[in-house]
Amino acid sequence: KSASFSNWIEALPLVCRVIGRPSSRAALHSFLALPASIPMLIKMWGVKRDVFNIVSIMGYVGMTIGTIGFGIVGDKAGRRPTLMITVLLFALPTIAIAFLGKGDTTSMAALRLIGGLGLGGCMPNAAALLAELTPARYRPMAVTSGIVGIPIGGTLGGFLAAGVPAEH
């Protein structure tokens, strides 16, 4: 029996769990730890600090657009499918960044924009899904924990990135 489109849609949550969880942690680390990594990248790539201005900005531009755009998509198309798409949208570019050539800041900026769209879209849909699926008694703590986990993870990742020597 050939696989139909609905079989692929039904398998998407599993794919997102297998790929999404590890890559979402990597994506959050990538977005929030970049400032700590820039001195190391400057040394490794032999580029000036100024070239990372646009790289740093593009992730946040994408997050801003993604939050608004995918928040609306989540309202119209459903939060769960939108959340699954946005996780893949920020996971895949983040993985691709690891394979960039030395000094390829233009591609890094484009990938951070795309990843930012996904990461930005993930946050409002995850918060809304947490609010919808959590019993009323635990809802405030669940939503707060879900949102606060993002900057906490980025902060911890920043401390780790600061301790990595430029040779690695």
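The values are calculated or read from the model by the stated rules, or taken from the named source; none is laboratory data. Here the structure is a predicted model, which is why all the values come from computation and not from measurement. Neighbour counts run over all protein chains shown; Cβ positions are idealised from the backbone, glycine included. To get the accessible areas, we keep the full protein, side chains included, count just its heavy atoms, and leave off ligands, DNA and RNA. Shrake-Rupley method; radii C 1.70, N 1.55, O 1.52, S 1.80 Å.
List of remarks:
- Segments 83-92, 118-127, 50-59 sorted - mean Cβ within 10 Å per residue, highest first: 118-127, 83-92, 50-59
- Accessible area in square angstrom per residue, region 51-108, 1.4 angstrom probe: 53
- Calculated FRET efficiency for the pair residue 134/residue 60, C-beta based, R₀ 30 Å, to 0.05: 0.55
- Between residue 48 and residue 156, the C-beta separation translates, for a Förster distance of 45 Å, into a calculated FRET efficiency of about 0.95.
- For region 74-145, the list of trypsin sites (Lys or Arg not before Pro) that fall in a loop by DSSP and count at most 12 other C-beta atoms within 10 angstrom reads 102, 137.
- Measuring nothing but protein heavy atoms, the accessible surface of region 24-132 at 1.4 Å probe radius is 70 percent carbon and sulfur.
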